[in-house]
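Enquirer: Right, I'll just put the structure down here and ask away after.
The numbers here are math on the coordinates, done by the rules we state, and not lab data. Since the model is a prediction, treat every value here as computed from it, not as a measurement. Glycine also receives a Cβ, built like all others from the backbone with ideal geometry; neighbour counts cover every protein chain displayed.
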Amino acid sequence: MKIIRTFSLMIAMAVSSLTAAITAIPAVAEALTDASEIVRKANMAYYYAGSDGRAEARMKIVDAQGRTQLRQFTMLRRDREQGGLQDMMVFFSRPSDIRGTVFRVVRHPGGDDDRWLYLPGLDLVKRISAGDKRTSFVGSDFFYEDVSGRDPQADKHTLMDTTDQFYVLTSIPKDSKSVEFASYQSWINRATLLPEKVEFTNQKGKLYRRMEVLKTDTVQGYPVVLQARISNLDRGTSTLMQMRGIKFDLGMPANIFSERSLRTPPVQWLRKKP
């Protein structure tokens with residue numbers, strides 16, 4: 001009888017542990033079917049977590065010969081409207097030749113974003129035109145548009161497949177002359193709604209550019225990307241971006257997202273917050 005009671009207790013403990021493990025697995029919501037809605041939600045998850053946010057970033061740029069360069073910066077972001085107007089500033093701290101460089105964005109969903117780059121060596125504020133948004137961001141494989149976000153309304157989206165883990169979409173630019181790609185395919189995680197892979201195809205139908213998310217986590221209840229890599233398959237180059245010190249809902253004031261902060265950075269907000 002003692003052996004039977006012990007065995008029964010072991011079975012009960014195993015069932016209890018299994019139940020707890022199953023409960024801990026995040027549930028995937030019922031599958032969405034509208035492609036535009038999926039892209040809108042993915043844009044919100046990726047670029048609008050919290051009312052504002054701060055993060056430290058490090059870029060490792062690898063050229064075709066395997067040589068590396070590093071970029072280090074702090075990003076500040078504040079939403080004027082949830083899913084609408086948004087301010088962003090990127091302050092570079094390393095290497096020394098670009099230290100003090102600042103990238104400023106005012107995001108206008110449904111229209112052209114305003115982008116500026118402050119070059120401290122020349123004490124010059126350079127406006128980045130809409131035609132330059134898909135050019136290299138400080139020598140990396142990321143484009144300016146990758147950092148500040150592409151307008152979901154700029155493309156026509158089609159849901160190609162829904163798997164257990166991903167929504168698979170194909171997107172075609174509405175204005176094909178404004179971009180260098182013909183289409184791109186996205187794999188959006190159904191649980192987090194974060195895009196985990198994006199592949200770009202050129203006018204000849206050749207895959208030439210890829211974005212891959214390598215690591216994600218949850219910060220203050222928001223799913224976030226901690227590591228992502230963009231590869232230029234034609235040139236054989238790649239850039240790895242690593243994020244840390246991510247904080248949301250800090251209560252940043254609107255006045256720090258101004259032209260004045262290009263030359264006089266808001267130091268108190270650039271320091272790591274507890």
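Enquirer: With contacts defined as alpha carbon pairs under 8 Å and 6 or more residues apart, what's the relative contact order of segment 29-268 in percent?
Expert: 20
Enquirer: Okay, moving on. Taking the square root of 5 times each eigenvalue of the Cα gyration tensor, what semi-axes in Å does the equivalent ellipsoid of the chain have, largest first? Present the calculation step by step, with values, prior to reporting the outcome.
Expert: Values: eigenvalues 279, 122, 74 Å².
Ellipsoid half-lengths, sorted descending, are 37, 25, 19 Å.
Enquirer: Further question: Quick one: if you take sqrt(5λ) for each eigenvalue of the C-alpha gyration tensor of segment 211-274, what semi-axes come out, biggest first, whole angstrom?
Expert: They are 29, 19, 9 Å, listed largest first.
Enquirer: Okay, next question. If you line up the long axis of helix 35-47 against the longest principal axis of the chain, both from Cα atoms, how many degrees apart are they, to the nearest 10?
Expert: Roughly 80 degrees between the two axes.
Enquirer: For the chain, take the longest principal axis of its alpha carbons; what is the angle in degrees between that and the long axis of helix 2-24, to the nearest 10 within 0 to 90?
Expert: 20
Enquirer: Label Thr218 and Glu259 with points 7 Å out from Cα along Cα→Cβ: what is the distance between them in nm?
Expert: 4.4
Enquirer: Apply the a/c threshold of 1.5 to the C-alpha gyration tensor of segment 136-178 and tell me whether it is rounded, prolate or oblate.
Expert: Oblate, because a/c is 1.5 or more while a/b does not exceed b/c.
Enquirer: Please report, in debye to the nearest 20, how large the charge dipole of the chain is about its Cα centre when each Lys and Arg carries +1 at its beta carbon and each Asp and Glu carries -1 there.
Expert: Charge dipole, the chain, about its Cα centre: 940 debye, nearest 20.
Enquirer: How high is the relative contact order of segment 85-221, in percent, counting Cα pairs under 8 Å that sit 6 or more residues apart?
Expert: Relative contact order comes out at 11 percent.
Enquirer: What percent do you get for the relative contact order of segment 57-101 when only Cα pairs under 8 Å and 6+ apart count?
Expert: 30
Enquirer: Between Ala191, Thr201, Leu226, whose Cα lies farthest towards the positive end of the dipole of segment 29-268 when Lys and Arg beta carbons carry +1 and Asp and Glu beta carbons carry -1, centred on the Cα centre?
Expert: Leu226
Enquirer: Taking H placed 1.01 Å from N in the peptide plane, check which residues at least 5 places from Lys156 or on another chain put their amide H under 5 Å from its amide H.
Expert: Ile172, Lys174
Enquirer: For the cross-link pairs Lys60/Lys215; Lys41/Lys133; Lys60/Lys126, which exceed 21 Å when the distance is taken from alpha carbon to alpha carbon?
Expert: Lys41/Lys133; Lys60/Lys126, as the Cα separations exceed 21 Å there.
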